[in-house]
Amino acid sequence: MVHQTIAIKMTNASKASSNNKAMQQLLWMTTGSRTARWALALLAACMLSIVGSLSGCSSAPTAPGTAQETGPLPPAIDRVQSRWVPVRWSDLPAFEQDALHEAWPAWLRSCERPMPAWRTLCPQLRQLAEASPAARRDWLREKLQPYRVESHQAQAEGLLTGYYEPLLEASRKPQGRFTVALHAAPAGLAPRKPWFTRQEIDTHPQAKAALRGKELVYLSDPVDAMVLHIQGSGLLRVSEPDGRVRTVRLAFAGTNEQPYKSIGRWLLDQGLTRDASWPGIKAWIARNPSRVQELLWQNPRYVFFREEPLPSTDMASAIPGPKGAQGVPLTAGRSIAVDPGSIPYGTPVWLASSGPQTSLQRLVLAQDTGTAITGAVRADYYAGSGPEAGELAGRLKQPLRLWVLWPR
């Protein structure tokens, strides 16, 4: 276990006092709050000076992080979609209250595919995996500079939405109520080359022929299939032909390159609902079952999947999250999707958002992106897997502020 400490400046003491083991232990204590450790350092400085020349208490040690809070700030950084404005650590709301240990696994996963700026710091991150909260915060203040993310028009408030990984029942073969196929990519699918629309896939003989034999599994509800298409991946409890039930993950493998259009937006524009969240959409469908196909065809984009192997476990909570655009597994509550033109993948981000669904002030990692996630202050919060995560993600839409933490 490695504990990082911040060096403390103090008046020189005599050789005899420098060899006092009790004083040395007091000086290098790393438990407790930063304020308590600074106070102990001050007390130790005075005691050492008394033992030595009795003249050292006029020069107090520097509190941890003082240099970062009082020194000159670096210049702002311009990116394609945003501007990063340097700020003090004290500007980050609730920084002292976050449970940083919950974010560390997500950060270590980003270190599996680090950007050049993080290669020298990732080994230190691994050493801090078992460190105290105070040691982690001291390290962050010493090594990283916070920047407020804003648009080029100086707009620092944006939008937070949520996404999740559905957990659904499925069948390997069409049977009974399981009739809605999820497909692997057909032959001839090419990037930036539009293929058949969702409606054409359901109705056109040529599209049906191209997808014949590409069926991976079957769901019982076309709306669940649409949810899976929008979220991009899902966990499925699949009934196999031999009677076994296995949990598998279907991951994103491409699209038909048609534009994404929100079915919730269509319902609002038609005056059919005032609640375009997923719970609201499902409530409208329950009242209008004969219009389900009409609704789904409003989104011409269609997603294709591939099956990914999972560790052998019966507990969904033990299954790692789906891989995001960075290529590492997502962590529930600690991963976000961003516009990479605003924030590079693998960047630690301080997130602050308060609204009717939740209040969040925490460290997260930029590890994914999405079609609708564009602009400077824009993020999609990965809520995890299953119904509870889906309930939060389906309703999450509230103001957002972001600060990137970048190597000094």
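Below, the figures for the structure above:
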item	result
Share of carbon and sulfur in the accessible heavy-atom surface of region 232-343 [1.4 Å probe, %]	49 percent
Within-11-Å neighbourhood charge of Arg301 [Cβ basis; K, R +1; D, E -1]	+1
Of the trypsin sites (Lys or Arg not before Pro) in region 216-270, those whose Cβ has at most 15 other Cβ within 10 Å and which sit in DSSP loop	Arg244, Lys261
In sequence order, calculated HN-Hα J values of region 255-260 (Karplus, 6.51, -1.76, 1.60; Hz; x Gly/Pro)	9, 7, 6, 8, x, 7
Contour excess over end-to-end distance, with Cα ends at Lys208 and Glu69 and 0.36 nm allotted per residue	43.7 nm
Solvent-accessible area of Tyr381 with every protein chain in place, 1.4 Å probe, in Å² to the nearest 10	20 Å²
Counted charge near Val227, where neighbours are those whose Cβ lies closer than 12 Å (Asp, Glu -1; Lys, Arg +1)	-2
Under 5 Å, built H, 5+ apart or other chain: amide partners of Thr247	Val238
Whole-Å distance, taken between Cα centres, linking region 349-408 and region 277-301	26 Å
By average C-beta atoms within 10 angstrom, highest first, the peptides 188-201, 334-347, 129-142, 298-311	334-347, 129-142, 298-311, 188-201
Solvent-accessible surface ranking, highest first, for Glu150, Glu157 at 1.4 angstrom	Glu157, Glu150
Volume per residue of the C-alpha convex hull in region 111-186, rounded to whole Å³	285 Å³
Rg [Å, one decimal], Dmax [Å, integer] - region 337-408, C-alpha atoms	12.2, 41
Accessible area per residue in Å² at 1.4 Å probe, computed on region 280-399	39 Å²
Average accessible surface area per residue within region 131-264, 1.4 Å rolling probe, Å²	45 Å²
Accessible-area ranking of Glu96, Glu215, largest first, probe 1.4 Å	Glu96, Glu215
HN-Hα J in Hz across region 168-182 - Karplus 6.51, -1.76, 1.60, θ = phi - 60°, x for Gly and Pro	10, 8, 8, 10, 6, 10, x, 7, x, 7, 8, 10, 9, 7, 10
Region 168-302: equivalent-ellipsoid semi-axes (sqrt of 5 x gyration tensor eigenvalues, Cα, Å)	25, 20, 13
Label-point gap, in nm, between Glu157 and Glu169 - each point 7 angstrom along Cα→Cβ	4.5 nm
Cβ-Cβ FRET estimate between Leu268 and Val245, R0 fixed at 41 Å, reported to 0.05	0.60
Local electrostatic count at Ser239 - Lys and Arg +1, Asp and Glu -1, tallied over other residues with Cβ under 9 Å	+3
Shape box of region 263-373 [Cα atoms, principal axes, largest first, Å]	43, 37, 28
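The values are calculated or read from the model by the stated rules, or taken from the named source; none is laboratory data. On a predicted model such as this, the values are computed, not experimentally measured, just so you know. Reconstructed Cβ throughout: ideal geometry from the backbone, glycine too, with neighbour counts over all protein chains shown. Side chains are part of the model used for accessible areas, which takes the heavy atoms of the whole protein and leaves out ligands, DNA and RNA. Shrake-Rupley method; radii C 1.70, N 1.55, O 1.52, S 1.80 Å.
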